[in-house]
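The values are calculated or read from the model by the stated rules, or taken from the named source; none is laboratory data. The structure presented is a predicted model; accordingly, all values stated were derived computationally and were not measured. With ideal geometry, Cβ positions are generated from the backbone for all residues, glycine too; neighbour counts draw on all protein chains shown. Remember, those area values only see protein heavy atoms, side chains included, never the ligands or the DNA or RNA. Shrake-Rupley method; radii C 1.70, N 1.55, O 1.52, S 1.80 Å.
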Amino acid sequence: QVLALFDALPDVYLFVKDRESRFVKANAPWLALHGFASEADAVGRSDYDLQPPALAAQYVAEDQRVMRSGKPLRAQAWLVPDHTGLPQWYLCTKVPLFAADGSVSGIAGVLRPFDRAGHAPDEYRRLTPVLEHVVVNYRRRLTVGDLARRAGLSASQLQREFRRLFAMTVGDYVLRLRLLMAQRKLRLTGDAAGRIATDCGFYDQAHFTRAFKRHTGPPPLEYRRGLAAPG
């Protein structure tokens, strides 16, 4: 009954996910944003069913951080395409949900459009072509100069904007995307590490292994074995 109140808020998009980041509840505006006729059509789906894989990987990774920490994450800027593919910037807040035994059972989240959230979205909108290009082309060779031209900025200006808005460099963002996609392939496929490296935009397997160990901990194949280990 409380969640039904959110159906009356046209500029607030509410969703609830389970431990596996599958949608279990959403308000009417969220359903309309993603082109669903009813909540039943959305239940059981994940972001991978709705968005480009490289965007979905980022959303799900954030879900998992909230669930691991057990702490809310407030007012994160996200580029979210609607059901037609048109992207818009939102502020997203996520909070962990707890079961009766105190364990984390999922998350609840709220999206608010930037232009209705009291923030100036222009600086984010300027970077939309950059993020869209990276999401589609993360497998390919990307240069800061080319990405900067897409935003009408110099390379140094783009780096400054990225650091200010996202607390990372352009290169950090590209690497994070590639690693998230590599983790997904390690979880869901039996592909060799060399093929995953190539598919996810790394120079070669050695480059992939070094980056994976530095940012994830174990090397790729050990990471995969850990996923298969019981318990």
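Report every pair of residues separated by at least 6 positions or lying on different chains whose Cβ atoms are under 9 Å apart, first residue within the range 133-161 and closer than 18 Å to L79 by Cα, second in a helix (DSSP H, G or I) and of a type in the set (F, W, Y).
Close Cβ pairs (under 9 Å, with a partner that is in a helix (DSSP H, G or I) and of a type in the set (F, W, Y)) amount to V134/Y173.
Scan the range 201-229 and report the pairs whose first residue is at positive phi and whose second residue is open to solvent by 50 Å² or more (accessible area, probe 1.4 Å), with Cβ atoms within less than 8 Å and a gap of 6+ or a chain change.
Close Cβ pairs (under 8 Å, with a partner that is open to solvent by 50 Å² or more (accessible area, probe 1.4 Å)) amount to G201/R139; G201/R140; G201/R141.
Yes or no: V110 over 24 Å from L188 (Cβ atoms), open to solvent by 30 Å² or more (accessible area, probe 1.4 Å), in contact with a Phe, Trp or Tyr (Cβ under 9 Å, 6 or more places away or on another chain) and outside any helix (DSSP H, G or I)?
It is true that V110 is over 24 Å from L188 (Cβ atoms), open to solvent by 30 Å² or more (accessible area, probe 1.4 Å), in contact with a Phe, Trp or Tyr (Cβ under 9 Å, 6 or more places away or on another chain) and outside any helix (DSSP H, G or I).
Could you grab me the full set of residues in the range 172-213 that are among the charged types (D, E, K, R), open to solvent by less than 70 Å² (accessible area, probe 1.4 Å) and assigned to a helix (DSSP H, G or I)?
Selection gives R178, R184, K185, D199.
Could you tell me which numbered condition P218 fails, if it satisfies all but one of (1) outside any helix (DSSP H, G or I); (2) over 24 Å from S21 (Cβ atoms); (3) not hydroxyl-bearing (S, T, Y)?
So the condition that P218 fails would be (2).
Being within 22 Å of the chain's Cα centre (by Cα) and closer than 13 Å to T128 by Cα is the filter here, so list the residues in the range 152-165 that pass it.
L158, E161, F162, L165
Among (1) surrounded by 17 or more Cβ atoms within 10 Å (Cβ to Cβ); (2) modelled with pLDDT of 95 or more, which single condition is L79 missing?
The one condition L79 does not meet is (2).
Just checking, how many residues over the range 143-171 are touching a His at 6+ places or on another chain (Cβ under 9 Å) and open to solvent by less than 40 Å² (accessible area, probe 1.4 Å)?
So the count comes out to 1.
S21 fails exactly one of the following numbered conditions: (1) within 24 Å of R139 (Cα to Cα); (2) touching a residue at least 40 places away in the same chain (Cβ under 8 Å); (3) open to solvent by less than 20 Å² (accessible area, probe 1.4 Å); (4) of a type outside the set (F, W, Y). What is the number of that condition?
Condition not satisfied by S21: (1).
Check off (1) at pLDDT below 95; (2) among the charged types (D, E, K, R); (3) in contact with a Gly (Cβ under 9 Å, 6 or more places away or on another chain) for R125 and give me the number that stays unchecked.
Exception for R125: condition (3).
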